[in-house]
1. Can you go through Thr79, Thr95 and tell me which one is closer than 25 Å to Thr24 by Cα, among the hydroxyl-bearing types (Ser, Thr, Tyr) and surrounded by fewer than 21 Cβ atoms within 10 Å (Cβ to Cβ)?
2. Which helices (runs of 4 or more DSSP H) does region 1-108 wholly contain that include 1 or more residues that are within 15 Å of the chain's Cα centre (by Cα)?
Amino acid sequence: MSHEQHRAAAPASVGCAVLSISDTRTLETDGGGKLIVDLLEANGHRVVDRGLVKDDPEEVINWIQWRRARPEVQAIITTGGTGIGRRDNTHEAITRLFDKPLPGFGELFRMLSYQEVGPAAMLSRACAGISQTRLLMALPGSPAAVRLAMDQLILPELGHLVREATR
């Protein structure tokens, strides 16, 4: 089967959970999380849960594990905590949950970021993988970075990724 045939067989609407990870933001002030929700819904996907936790690995893991167990959640997208600062622990928490990492996501994200922000793109530890047949993606907290990842990588392939993860 070609990638076009795979994409054609993919679900048009995916059930998603969106988690913002921040020590300083609230759901009301979180532009990155709101943008993910808005873009998912505008593209026909369902946001079945949204939350915010501190950048604490155990809080992140607990939130994801609870949502990952829900059958209506096919993909979990996080925003925040992917930098290299002392409190940026999202990458370590999320990669512990991967059964199958998708290194191409981070590589492509940094390549696209480089075109916009230059060498500072190397500071991003955006990542993605499969965790118990659920797609799990970690994006930076910046709304500009979220838009880049959503528009260029996630939205064009979300249904296809979910189809492949559950085959």
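Values quoted throughout were computed directly from the atomic coordinates according to the rules given, and no laboratory measurement underlies them. As the structure is a prediction and not an experimental result, all values here were calculated from the model. FYI the Cβ positions are ideal-geometry reconstructions off the backbone, even for glycines, and counts take in every protein chain you see.
1. That would be Thr95, the only listed residue that is closer than 25 Å to Thr24 by Cα, among the hydroxyl-bearing types (Ser, Thr, Tyr) and surrounded by fewer than 21 Cβ atoms within 10 Å (Cβ to Cβ).
2. The qualifying helices (runs of 4 or more DSSP H) are 31-42, 57-68, 90-95.
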